[in-house]
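Structure, as structure tokens:
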Amino acid sequence: MRVTIPNAIRRPARALAALVAAGALAAAGCNDYLTGGELSNDPNNPSAATNRQLFTGIQSNLWEIMSGDPARVAGLLTQQFEGGQSQYYNIYTYAIDEQTTNGQHSALYAGGGLRDVRQLQQNARAQGDTLMLGIAQVEEAMLMGTGADLFGDLVYSQALTGTANPGLDKQLAIYDAIQTLLSQAITNLQSFRGTATNLGPGGSDLNYGGNAGRWTRLAHTLKARFYLHTAEVRGNAAYTSALTEARLGLVNPAEDWKSVTSGAAGEENLTFQFTLVQRFGYLIPNQGFVSMLESRNDPRLDQYFDTTGDVCGEPFFCLSYFGDGTGYAEEGFHQPLVTAQENLLIWAEAAYRTGATAEAVTQLNRAKTIAGVPTVAATLSGNALLREILTEKYIALFLTIEPWNDYRRTCFPNLTPTVSGKKITARLLYDAGERQTNTSIPGAQDQPTRNQNDPANAVSDGSTEACRGQ
């Protein structure tokens, strides 16, 4: 499909990449390539913020964490992308340091982070607003659960208590705490029966408009997601719990939770800002991933990437831009972050692993129907079924953190490291800034290379093949 690309966006790929490598961006140095824009702008946090102002800042911060640099790093590590140059080449070749997620660790706590979430919860309790309270609890679980995915152990139970150098909670303890929190959130959301227009986030909620039912289904999907993240340690019990929650979660793509951007100046999609404006040539489609999509005749190849070269100057050098808001690199694209497809695929995998093969096939085909790809036969079973579920999830959750979470749990796909003799990065390091202000956070050399929920290197996709990247 050929479209008219705005001149401000159209660019010759290799020429611009060379310019970026040699020119002005190089002057920025290695330590600030992930500052500015999505990381340097503190969300609305005035000293006397209203509940809806607090909600707006939290919402924006969550979108930045979940659709910003961590998602791109995850795509590099799972070989959906290649690192074209500079720091992204370093990440792609596993040269990870404390600057890799510069600012993202701090974003868990600062403006729009845990501090504001807890303030919003306190306000909602004081006002008897169980709708806002339940929503804020879901947001806290999403925030800290994602943080545990990225960093493992975190300051959580002692956060915001005034404790000097608060200690780190174990990753599995954080997952357990947010399961409890999500259960409380569901209770509060289900107890809401009010009709007053001043309750909840109202129009500030750009996904659900404060709809309690949708937030409840989102909470169940998050419970399923985080149960799945413990399955390598807790086995069948985790899969059973994930199955229970997924049955109550999102199933309608109209209820996908996304980063919602208007596309206006200063309000563009973060992928557009990064890939077409700020760091063109850093993030390149991985040819192995492209080949996988081509071999399956998967229509998402065109949805994800510029296959014609209209935008990039040559095919498969950047993400898609159609001019209608549906391309991943468009200013106003609403990037999916927690979706019905994810929930259905968790449902499918958890059903398979607990012996419900027919149910697994049904949910896999529901997810495939949403994606517009061919369904599988009702007779599909065994390892072939499991691998198809994992393959569909790897493709469907493109440009989110989840393919990396799944890879660390299952070693699927069984990737060959980009550098011989190295292992694929299994954990990110804490921000240097956080370590410098809290002596409980160890130095890089003393941090584990794997998280508590990811101790093994066995392949759990039904294969007997050794895991090459772990």
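The values are calculated or read from the model by the stated rules, or taken from the named source; none is laboratory data. Just so it is clear, the structure is predicted and the values come from calculations on it, not from any experiment. With ideal geometry, Cβ positions are generated from the backbone for all residues, glycine too; neighbour counts draw on all protein chains shown. For the accessible areas, the whole protein counts, side chains as well, though only heavy atoms, and no ligand, DNA or RNA atoms are used. Shrake-Rupley method; radii C 1.70, N 1.55, O 1.52, S 1.80 Å.
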Checklist entry - Any residue at all in the range 457-465 that is open to solvent by less than 20 Å² (accessible area, probe 1.4 Å) and charged (D, E, K, R)? => result yes
Item to check | Any helices (runs of 4 or more DSSP H) falling wholly within the range 182-250 and containing at least 2 residues that are aliphatic (A, V, I, L, M), closer than 27 Å to residue 51 by Cα and open to solvent by less than 40 Å² (accessible area, probe 1.4 Å) | outcome: 212-228
Next on the checklist: Could you go through the range 6-25 and let me know if any residue there is part of a loop (DSSP other than H, G, I, E, B), among the small types (Gly, Ala, Ser), open to solvent by 10 Å² or more (accessible area, probe 1.4 Å) and at pLDDT 50 or above.
Outcome noted: no
Checklist entry - Given the residues 246, 219, which is the only one that is of a type outside the set (Asp, Glu), within 22 Å of residue 335 (Cα to Cα) and in contact with a His (Cβ under 8 Å, 6 or more places away or on another chain)? => result 246
Checklist entry - When the range 78-121 is examined, which residues are found to be among the acidic types (Asp, Glu), modelled with pLDDT under 95 and under 18 Å from residue 66 (Cα atoms)? => result none
Checklist entry - Say we look at the range 427-455 and pick out the residues that are touching an Asp or Glu at 6+ places or on another chain (Cβ under 6 Å) and either small (Gly, Ala, Ser) or closer than 19 Å to residue 80 by Cβ (or both); which of these is least open to solvent (accessible area, probe 1.4 Å)? => result 432
Item to check | Only listed residue being in a helix (DSSP H, G or I) and surrounded by fewer than 17 Cβ atoms within 10 Å (Cβ to Cβ), chosen from 173, 124, 148 | outcome: 173
Next on the checklist: Can you find, within the range 128-138, the residue that is nearest to the chain's Cα centre (by Cα) among those that are in contact (Cβ under 8 Å) with a residue 24 or more places away in the chain and more than 13 Å from residue 220 (Cα to Cα)?
Outcome noted: 136
Checklist entry - With 391, 416 as the choices, which residue is open to solvent by 40 Å² or more (accessible area, probe 1.4 Å), closer than 30 Å to residue 327 by Cα and not charged (D, E, K, R)? => result 416
Item to check | Those helices (runs of 4 or more DSSP H) lying entirely in the range 380-470 with at least 3 residues over 30 Å from residue 358 (Cβ atoms) | outcome: 432-437
Checklist outcome for this item: Within the range 292-314, residues among the polar types (S, T, N, Q) and assigned to a loop (DSSP other than H, G, I, E, B) come out as 297, 307, 308
Checklist entry - Can you spot a residue in the range 334-351 that is open to solvent by 30 Å² or more (accessible area, probe 1.4 Å), outside any strand (DSSP E or B), at negative phi and among the hydroxyl-bearing types (Ser, Thr, Tyr)? => result no
Checklist entry - Got a number for residues in the range 251-269 being open to solvent by less than 10 Å² (accessible area, probe 1.4 Å) and assigned to a loop (DSSP other than H, G, I, E, B)? => result 1
Checklist outcome for this item: Checking 361, 376 in turn, the sole residue that is more than 17 Å from residue 253 (Cα to Cα) and outside any helix (DSSP H, G or I) turns out to be 376
Checklist entry - Taking residue 421, is it open to solvent by 50 Å² or more (accessible area, probe 1.4 Å) and either under 18 Å from residue 77 (Cβ atoms) or of a type in the set (Phe, Trp, Tyr) (or both)? => result yes
Checklist entry - Given the residues 289, 322, 272, 317, which is the only one that is in contact (Cβ under 8 Å) with a residue 24 or more places away in the chain, touching a helix residue (DSSP H, G or I) at 6+ places or on another chain (Cβ under 8 Å) and either assigned to a loop (DSSP other than H, G, I, E, B) or open to solvent by less than 50 Å² (accessible area, probe 1.4 Å) (or both)? => result 317
Checklist entry - Within the range 157-169, can one find any residue that is polar (S, T, N, Q) and buried (at least 20 other Cβ atoms within 10 Å of the Cβ)? => result no
Item to check | Selection status of residue 71, among the hydrophobic types (A, V, I, L, M, F, W, C) and touching a residue at least 24 places away in the same chain (Cβ under 8 Å) | outcome: yes
Checklist entry - Any residue at all in the range 444-458 that is closer than 17 Å to residue 153 by Cβ and small (Gly, Ala, Ser)? => result yes
Checklist entry - Can you spot a residue in the range 414-434 that is of a type in the set (Phe, Trp, Tyr) and under 17 Å from the mean Cα position of the chain (by Cα)? => result no
Next on the checklist: Taking the conditions exactly as written (surrounded by 22 or more Cβ atoms within 10 Å (Cβ to Cβ), more than 20 Å from the chain's Cα centre (by Cα) and not polar (S, T, N, Q)), does residue 142 satisfy them or not?
Outcome noted: no
